[in-house]
1. Would you work out if the range 54-147 is rounded, prolate or oblate? Take a ≥ b ≥ c from the square roots of the eigenvalues of the alpha-carbon gyration tensor; rounded if a/c is under 1.5, else prolate when a/b is larger than b/c, oblate otherwise.
2. Using the heavy atoms of the protein chains alone and a 1.4 angstrom probe, what is the accessible area of the chain per residue in square angstrom?
3. Once phi is turned into ³J(HN,Hα) by the Karplus curve 6.51 cos²θ - 1.76 cosθ + 1.60 with θ = phi - 60°, what whole-Hz value does each residue of the range 104-121 show in order, with x for glycine and proline?
4. Run through the DSSP bridge list for the chain and note the antiparallel percent, rounded to the nearest 5.
5. Of the cross-linked pairs Lys47/Lys155; Lys132/Lys155; Lys162/Lys255, which ones have a Cα-Cα span greater than 26 Å in the structure shown?
6. Can you tell me the length gained on complete extension of the stretch Leu223 to Lys153, counting 0.36 nm per residue apart and subtracting the Cα distance?
7. Taking the Cα-to-Cβ direction at His168 and at Asp185 and moving 7 Å from each Cα, how far apart do the two end points lie in nm?
8. Using the Karplus curve 6.51 cos²θ - 1.76 cosθ + 1.60 with θ = phi - 60°, what ³J(HN,Hα) values do you get for each residue of the range 170-179, in whole Hz, with x for Gly and Pro?
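The values are calculated or read from the model by the stated rules, or taken from the named source; none is laboratory data. For clarity, every value in this text was computed on a predicted model and none was experimentally measured. Cβ placement follows ideal geometry from the backbone for every residue including glycine, while neighbour counts extend to all protein chains displayed. Accessible surface is based on the protein model in full, side chains and every heavy atom, while ligands, DNA and RNA are left aside. Shrake-Rupley method; radii C 1.70, N 1.55, O 1.52, S 1.80 Å.
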Amino acid sequence: MGTVKVTDQGQVVVVELNRPESLNAMNVEMLETLAEELENIAKGDAKVVVLKGSGNAFSAGGDIKMMLEKDEGNFDRVMDSIGSMITTLYTMPKITISAIHGAAAGLGLSLALASDFVVAHSSTKLAMNFIKIGLIPDGGGHFFMEKRLGEAKAKQMIWEGKTISAAHALELGLVDRIENDGMEDVIMKKVSTLLHAPTQAMLETKQIYTKTSLPRLQQILELEKNAQGRMRKSDDHKEGIKAFVEKRTPVFTGK
């Protein structure tokens, strides 16, 4: 079984992040596979796409081993895959739903927010927690956080890097709906409702928003790539990663 599982049900495609042993942390293989699979789905006939995670989490974010990689060529490859994955999901001519549970953190949260609807299990913990290892959000995190929270609240949440509950996320507007048990049933009911809706009209509305927003998303993805490259070389990032591996609180110096 690969790092991404795709189930094509005709009018509905389910995309499942499939590294449960790593809380679906995204490594190079998963990122490149997901970008490719989403491109293929975008060209297909499905009307609705559901994105979810296997095991105990949606996604804990980027794989820490990938962050330890020092090859700049590999860094560019990773960031380009992230940009392709996010742009394709955001602009896809389908109605997209992120069904999140467990951890939805860092890049995992950016990915979830790129969908049209975000449905969270009540136990979900969300975090834009790049700051804890001296990095900035990527995957369009700045774009999606600003869209849902406004600039001031987005900055504050990014800077704090706090983990928040699904209930708090709903209050803020980061997620659209919370469910307890029976998430699968809830998602399937949502899908059924969408399949009986005038989806062409819905997609025209989506296209108006994505076409006008796409230049800004692309600009932010490029700015994130450049800034992340600088942050990877910072003393704070090196200390953040070292502290994470050693399971201690980092001592940052702002350098």
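1. Values: a/c = 1.84, a/b = 1.28, b/c = 1.43.
Cα axes put the range 54-147 in the oblate bin.
2. On the way: 12280 Å² over 255 residues.
For the chain, the solvent-accessible area averages 48 Å² per residue.
3. Values, residue by residue: 10, 10, x, 4, x, 6, 4, 4, 4, 6, 6, 7, 6, 10, 10, 10, 10, 5 Hz.
4. Details: 8 of 31 bridges.
Here the share of antiparallel DSSP bridges comes out near 25 percent.
5. Working: Lys47/Lys155 34 Å; Lys132/Lys155 15 Å; Lys162/Lys255 22 Å.
Those over the limit are Lys47/Lys155.
6. Working: separation 70, 0.36 × 70 = 25.20 nm, distance 1.99 nm.
Taking 0.36 nm per residue and subtracting the Cα distance, the gain is 23.2 nm.
7. In this crude spin-label approximation the distance works out to 3.0 nm.
8. 5, 4, 6, x, 6, 10, 9, 6, 10, 10
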